[in-house]
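Below is one structure, written out as structure tokens, with a few remarks after it.
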Amino acid sequence: MRLPTTLRIGLLAALLAFLSSAALIGFIHWRTYDDSVAAVHEQVAEASSALDDVYSSGGRRALDKAISDTLGSGDPQLLAAVLAPDGAARIGNVGAVVEPPLPLRPGYRVGRIQFRGAATTTSVAYLLRRLDDGEWLLTGRSLGERIRFQRILESSLGLALAISVLLGLICGLVVARYVGSRVGAMADVADSIAGGDLAQRVPLSGSRDAFDGLARQINRMLDRIAALMEELRLLTDSLAHDLRSPVGRLRARVEAALAATDDSKRDSLLGGILQEADSLMRMLTTVLEIGRSEAMASRNQFEPLDPAGLIDELAEMYEPIAEEAGCTLNVEAESGLPIFTGHRQLLAQTLSNLFDNALNYARSGGTVILFARVKDGRMRLGVADRGPGIAPADRAEAKRRFGRLDSSRSTGGAGLGLALAEAVAHLHGGALELLDNGPGLRAVLVLPLDGVSLP
Amino acid sequence: MGRKILLIEDDRETASYLARGLGEEGHGVEHVEDGRDGLFRATDGSFDLVILDRMVPGLDGLALLKAMRAARVETPVLILSALASVTDRIEGLESGSDDYLVKPFSFGELLARVNALLRRGEGKSAADLRILVGDLEIEPLSRVVKRSGKPIDLKPREYRLLEYLARNEGRVVTRTMLLELVWDYHFDPGTNVIDVHVSRLRRKLEEGFERPILHTVRGAGYRLAATV
């Protein structure tokens, strides 16, 4: 499949070379030919009218003298003669007009004549003018030299055309081979990737040309795909792993409930089973929610939101929870914050997750702050606590799905909260920032104020 | 008092479990498995409630719902779906359903929602009517709440919580229903946030009174009633 392409490109290049050279050569030929023919015509006409002038003023005698003078100048190309009405030579250097055949007609033409005393005919351009007594005045030039020059020019131009076609074909083949080999390398990589080997990369020639640019882009794309695949693999692994323990607990509790003889004990075991199942459901729903958010599937549900209203509602909802946990909940929402576009449910869910995290880590008597402010043209919604915080080195891990910093935590949603927060931030065209609150954690959704463009 | 419910659900096990449970509550249940049959039955207007699985063969649940609403059939519709994300729920509600319940669900949750929807269909929820639950008196217009004539001071959200419970007097209202209908949050906050709010409300309603009025129904939710 690739070789015919190379050939096609080669042939195309040859064809283009042929067409452009042919046009050029045609132009040269046309100009030189026309110019030389025009020049001859002019010379012949000039000589003819000069002789005619002599004839009109001095008559036949003067003409005869002028013809012999003209011929006496020694130009062997020159023709000058007076012919009888039937074409027979009277005076001058013409023996006979051979082409076009007799009878003679006035006017300029290209033909053949026989020089007086010569055995062969010569190609000439001549002009015939009828004299008063029916005789013909012939003036002309032999074309031999010009035709030879023209022939040499034509054959050189033809040769040049052949060479340019050949060079075009060679260049085309070379270019096609080069392009083919570079593209072929990419195609080979694509083939092996389609075959499942994601580790393959397109080799770079180091020339920083367009192919290298394309190769680099393809490689970047492959890196991204590989990273996503790795993430997906990790995700399914951790999902399977994280499902294993609650399902195990569920199973153990069901077994215990089956074995229980005491009704109240069985009831409490069944209650535990229900809770376990609910937390499993919650985990699965959150995983799906992250997937949906990352696929940008819910932007059509965006609506205009008042950031202070959003924060106040959540604070109103969580204030009693904070109080029960022995913490203080403070709201910091600047007045007059601009309305922005967002997904109310997902933002509320995200902030409530962040708040839950903060409450888990804030010590009793601590303060958790829910805040909304605008800085550098971006909406910043978030939660700040005075807990242990997350070390800068661990922050990337914290955002990863099922990324666990604290393996002792075993609540169902753990490991997903920050991943969901990041996915929701991405859905809004923003980012999740985990900052040091000195001490504690400041988790901020940084969202563009103008909103993402709605579909 | 039995009502007529149309159940559009292709999973036979779920359908027979629901039909049996709702039958025991005194409702008449007609079950169809195909979306097109469902739309045909739903548009004859003789049902008090439609329970619709979101993914049924023949015609997609949401398309069925839109066709039904386009035909001006205003029967309350409860969607059942395994699609649990916030986005899916909102999509379901926005396509014209009155409630959205995620599978798997507890029968108690379903029953509470069914009863709330059927009651809404009765048209007794005019906002200007005074609501009486035993010795508890609620004036929706002025938002004044009194118990045995003694005014009870409630925060706006507590008032909405109480009004919703009172409008479903004697019926179980689940935590998720409260979260969705009082707070308009369609996600699971995963904490006991509703319990905390209900217990605050209960403290205000019952402090200084002998008789409990806001009851916890174990494993299901809450019920506001003068008697247990």
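Which members of segment B:138-197 meet the condition of being at the interface with chain A (Cβ under 9 Å from one of its Cβ atoms) and in a strand (DSSP E or B)?
Within segment B:138-197, no residue meets the criteria.
For every residue, the table says whether it meets (1) away from chain A (no Cβ under 14 Å); (2) assigned to a loop (DSSP other than H, G, I, E, B); (3) in contact (Cβ under 8 Å) with a residue 60 or more places away in the chain.
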position: B:V29; (1), (2), (3): yes, no, no
position: B:L39; (1), (2), (3): yes, no, no
position: B:L52; (1), (2), (3): yes, no, no
position: B:L59; (1), (2), (3): yes, yes, no
position: B:K66; (1), (2), (3): yes, no, no
position: B:R69; (1), (2), (3): yes, no, no
position: B:L83; (1), (2), (3): no, yes, no
position: B:D88; (1), (2), (3): no, no, no
position: B:L117; (1), (2), (3): yes, no, yes
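Check B:R203 against each of (1) buried (at least 17 other Cβ atoms within 10 Å of the Cβ); (2) at pLDDT 90 or above and name the one condition it does not meet.
Only one criterion is unmet by B:R203, namely (1).
Counting only residues that are of a type in the set (A, V, I, L, M, F, W, C) and surrounded by fewer than 17 Cβ atoms within 10 Å (Cβ to Cβ), which one in segment B:206-224 is farthest from the other protein chains (Cβ to nearest Cβ)?
Ranking the candidates gives B:F209 first.
What do you reckon, is B:R147 farther than 21 Å from B:I5 by Cα, at pLDDT 85 or above, of a type outside the set (G, A, S) and surrounded by 19 or more Cβ atoms within 10 Å (Cβ to Cβ)?
It is true that B:R147 is farther than 21 Å from B:I5 by Cα, at pLDDT 85 or above, of a type outside the set (G, A, S) and surrounded by 19 or more Cβ atoms within 10 Å (Cβ to Cβ).
Residue-wise test of (1) of a type outside the set (A, V, I, L, M, F, W, C); (2) in a helix (DSSP H, G or I); (3) under 30 Å from the mean Cα position of the chain (by Cα); (4) buried (at least 16 other Cβ atoms within 10 Å of the Cβ).
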residue: A:V124; (1), (2), (3), (4): no, no, no, yes
residue: A:D133; (1), (2), (3), (4): yes, no, no, no
residue: A:R148; (1), (2), (3), (4): yes, yes, no, no
residue: A:G184; (1), (2), (3), (4): yes, yes, yes, no
residue: A:D197; (1), (2), (3), (4): yes, no, yes, no
residue: A:S205; (1), (2), (3), (4): yes, no, yes, no
residue: A:G213; (1), (2), (3), (4): yes, yes, yes, no
residue: A:R216; (1), (2), (3), (4): yes, yes, yes, no
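From the list A:I290, A:I321, A:I225, which one is more than 11 Å from every other protein chain (Cβ to nearest Cβ) and in a helix (DSSP H, G or I)?
Values: A:I290 fails: more than 11 Å from every other protein chain (Cβ to nearest Cβ); A:I321 fails: more than 11 Å from every other protein chain (Cβ to nearest Cβ).
Only one candidate qualifies: A:I225.
Enumerate the strands (runs of 3 or more DSSP E) found wholly within segment A:1-111, keeping only those where 1 or more residues are surrounded by 13 or more Cβ atoms within 10 Å (Cβ to Cβ) and within 60 Å of the chain's Cα centre (by Cα).
In segment A:1-111, there are no strands (runs of 3 or more DSSP E) which contain 1 or more residues that are surrounded by 13 or more Cβ atoms within 10 Å (Cβ to Cβ) and within 60 Å of the chain's Cα centre (by Cα).
State yes or no: is A:P307 in contact with a strand residue (DSSP E or B) (Cβ under 7 Å, 6 or more places away or on another chain), more than 10 Å from every other protein chain (Cβ to nearest Cβ) and crowded, with 16+ Cβ neighbours inside 10 Å?
Numbers: in contact with a strand residue (DSSP E or B) (Cβ under 7 Å, 6 or more places away or on another chain): yes; more than 10 Å from every other protein chain (Cβ to nearest Cβ): yes; crowded, with 16+ Cβ neighbours inside 10 Å: yes.
Considered against the rule, which asks whether it is in contact with a strand residue (DSSP E or B) (Cβ under 7 Å, 6 or more places away or on another chain), more than 10 Å from every other protein chain (Cβ to nearest Cβ) and crowded, with 16+ Cβ neighbours inside 10 Å, A:P307 comes out as yes.
Taking A:G111 as meeting all but one of (1) out of contact with any Pro (no Cβ under 6 Å at 6 or more places or on another chain); (2) at pLDDT below 85, write down the number of the exception.
(1)
For A:L337, indicate whether it is farther than 18 Å from A:V424 by Cα, touching a residue at least 24 places away in the same chain (Cβ under 8 Å) and more than 10 Å from chain B (Cβ to nearest Cβ). Spell out how you get there, then give the answer.
On the way: farther than 18 Å from A:V424 by Cα: yes; touching a residue at least 24 places away in the same chain (Cβ under 8 Å): yes; more than 10 Å from chain B (Cβ to nearest Cβ): yes.
Yes: the conditions hold for A:L337.
I'm told B:V50 meets every condition in (1) within 19 Å of B:L93 (Cβ to Cβ); (2) touching a Pro at 6+ places or on another chain (Cβ under 6 Å) except one. Can you identify the failing condition by its number?
(2)
List the number of the failed condition for A:M296; all other conditions in (1) surrounded by fewer than 18 Cβ atoms within 10 Å (Cβ to Cβ); (2) more than 14 Å from chain B (Cβ to nearest Cβ); (3) in contact (Cβ under 8 Å) with a residue 12 or more places away in the chain hold.
All conditions pass for A:M296, except number (2).
Can you confirm whether segment A:269-278 contains a residue that is more than 30 Å from A:L370 (Cβ to Cβ), away from chain B (no Cβ under 12 Å), surrounded by 16 or more Cβ atoms within 10 Å (Cβ to Cβ) and within 54 Å of the chain's Cα centre (by Cα)?
For segment A:269-278, residues more than 30 Å from A:L370 (Cβ to Cβ), away from chain B (no Cβ under 12 Å), surrounded by 16 or more Cβ atoms within 10 Å (Cβ to Cβ) and within 54 Å of the chain's Cα centre (by Cα): present.
Kindly indicate whether any position in segment A:237-258 is over 28 Å from B:V102 (Cα atoms), in a helix (DSSP H, G or I) and more than 9 Å from every other protein chain (Cβ to nearest Cβ). Even if it seems obvious, please write down each step before you answer.
Quick first cut of segment A:237-258, residues over 28 Å from B:V102 (Cα atoms) only: A:256.
Cutting the leftovers down to in a helix (DSSP H, G or I) gives us A:256.
If we keep only those that are more than 9 Å from every other protein chain (Cβ to nearest Cβ) too, we end up with A:256.
The answer is yes, given that some residue of segment A:237-258 is over 28 Å from B:V102 (Cα atoms), in a helix (DSSP H, G or I) and more than 9 Å from every other protein chain (Cβ to nearest Cβ).
Yes/no matrix, rows are residues, columns are (1) modelled with pLDDT under 90; (2) surrounded by fewer than 18 Cβ atoms within 10 Å (Cβ to Cβ); (3) in a helix (DSSP H, G or I):
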residue	(1), (2), (3)
A:L351	no, no, yes
A:N357	yes, no, yes
A:R363	yes, yes, no
A:I369	no, no, no
A:M379	no, no, no
A:G382	no, no, no
A:R386	yes, no, no
A:I390	yes, no, no
A:R395	yes, no, yes
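The values are calculated or read from the model by the stated rules, or taken from the named source; none is laboratory data. The shown structure was predicted, so the numbers you read here are calculated from the model rather than taken from an experiment. All Cβ positions, glycine included, derive from the backbone under ideal geometry; neighbour counts span all protein chains shown.
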